[in-house]
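Everything on this sheet refers to the single structure shown next.
The values are calculated or read from the model by the stated rules, or taken from the named source; none is laboratory data. Since we're looking at a predicted model, the values are computed, not measured. Quick reminder, even Gly has a Cβ in these numbers, built from the backbone with ideal geometry, and neighbours come from all protein chains shown.
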Amino acid sequence: MRRRERGAARPALAFRLSPLGFLRGGAAAAPSPRCAWGPTSGPAPARAPAPAPAPPPGPVPAPAPPPGPVPAPAPAPPPGPVPAPAPAPPPVPAPAPAPAPPPVPAPAPAPPPVPAPAPAPAPPPVPAPAPAPPPVPAPAPAPAPAPVPAPAPAPPPIPALAPAPAPAPAPAPAMPAAAFLSWVGAGTVAWLAVRAGLALLSAIRVWALGNPAGVGRHLGQWAVVTGGTDGIGKAYAEELAKRGLKIVLISRSQEKLNQVAQEIKENFKVETKTIAVDFGSEDIYNRIKAGLEGLEIGILVNNVGVSYEYPEYFLDIPDLDNMINQLVSVNVLSVCKMTRLVLPGMLARSKGVILNISSASGMSPVPLLAIYSATKAFVDFFSQCLHEEYKSKGIIVQSVLPYFVATKMAKIRKPTLDKPSPETYVKSAINTVGLQSRTFGYLVHAIMAWIVTTLLPASVTLKLTMNLNKKLRARFLKKAKNN
């Protein structure tokens, strides 16, 4: 009996002294019959159903101060004889706990561990407790905290932005129209100034200094002049004779040939020779070839030529077919044939000069002188081509393009500044040999040509020439009608 009491008092005391019993307000739970009386042979009492889960607690308050000593319960009366264990009665509700400080609410789910309070001092020994009441059902376990949702997957990494391309250099601001036009104007003026400067230097060299030594006996002993009895041809013959060359005169009238040959022989003391042929015929060149055979010819002047009697429309030219033959034979064929006869000897000696007398009428078209203008254009182009072909072999071929000269063919008797005498013109033109392969022969004529070719449009020149020749035609027809 004493053993049982001692054994029953130990669980109650131990429960009170445990930290859990202290935290529950010091109320000792009644030990189960097993704890009080030891093992029993009956079935275990049924456990009370688990209470509903408590709502989630609020914030955990600070722990209360430890309570004072719990008074010992009153001694229980001595138990009587122990009856046989009956079937487990329904669970008896636990007696109300002794007055205690306000209960501490249950801790929040998984709170941080609270340090255990210091153990209270052991109370004085108490008498054996009364028989233990039925076991108090264990409090329902705190509900498991709701599972923490898995963190959302990290968003895919944002690809690094490609470095922005370097900005293209800003284009230069467009040049304003006024500035552009001013540059164009300045460039044009500069270009014209350069051309004018070069033309001035060339003019000084040609017209002021000239090349007096370009033509002389160093080219050969003889000079051949076609159409040498009048005008420009006669002036060339006299100028060449003055430079010491022997002269061959070729023309249609033997009487005129003899007269001019005699004058040259007496005035310049040089030998002369004549060949009388009509360049309008095609069977004359064998005679000319025979007359020139054995002569060292250094200079050929292709001067012979014919023109219209007056300016006229092509179909109104009197004796048109014969005029066509005459103009082509005298102005074109003679130049080609005479060059054919003389050039081989020049090539053999690698020196020589061929002067082909063209006309300013061959530089640009001349209406109402259509055939004549075309034949003189042929002479100009033929001369330029021939010079390019043979200049590397020591041969000079010059195209001479005079404007009006006071000659019988031009029907101008009195010389003027712009219409020089044949002698004045030739003296100037012969000094351009070796300096210009295409010459106007006379400074005033060169200025006139520059104005026509540079300052005036071709259409204006053509119209002016047409109007001029219309007036000349009307004047001639009026004079012929009055006669």
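What to note about this one:
- Close pairs from the range 195-210: first touching a residue at least 24 places away in the same chain (Cβ under 8 Å), partner in a helix (DSSP H, G or I), Cβ under 6 Å, at least 6 apart: Val206/Thr432; Trp207/Leu443; Gly210/Asn431
- Count of residues meeting criterion [touching a strand residue (DSSP E or B) at 6+ places or on another chain (Cβ under 9 Å) and closer than 17 Å to Val215 by Cβ] in the range 439-457: 2
- Residue in the range 176-188 that is modelled with pLDDT under 80 and assigned to a loop (DSSP other than H, G, I, E, B) present: yes
- Residue in the range 207-235 that is surrounded by the fewest Cβ atoms within 10 Å (Cβ to Cβ), counting only those that are modelled with pLDDT under 90 and part of a helix (DSSP H, G or I): Ala208
- The set of residues from the range 292-320 being part of a helix (DSSP H, G or I) and either among the hydroxyl-bearing types (Ser, Thr, Tyr) or buried (at least 18 other Cβ atoms within 10 Å of the Cβ) (or both) comprises just one member, Leu292.
- The range 393-431, subset closer than 16 Å to Leu219 by Cα and out of contact with any Asp or Glu (no Cβ under 7 Å at 6 or more places or on another chain), residue surrounded by the most Cβ atoms within 10 Å (Cβ to Cβ): Gln398
- Just so you know, in the range 236-252 the residues that are out of contact with any Phe, Trp or Tyr (no Cβ under 7 Å at 6 or more places or on another chain) and small (Gly, Ala, Ser) include one that is nearest to Val270 (Cα to Cα), and it is Gly244.
- Inter-residue pairs, beta-carbon under 8 Å, first within 18 Å of Val366 (Cα to Cα) and assigned to a helix (DSSP H, G or I) and in the range 459-483, second hydrophobic (A, V, I, L, M, F, W, C) and at pLDDT below 95, 6+ apart: Thr461/Val452; Leu464/Leu456
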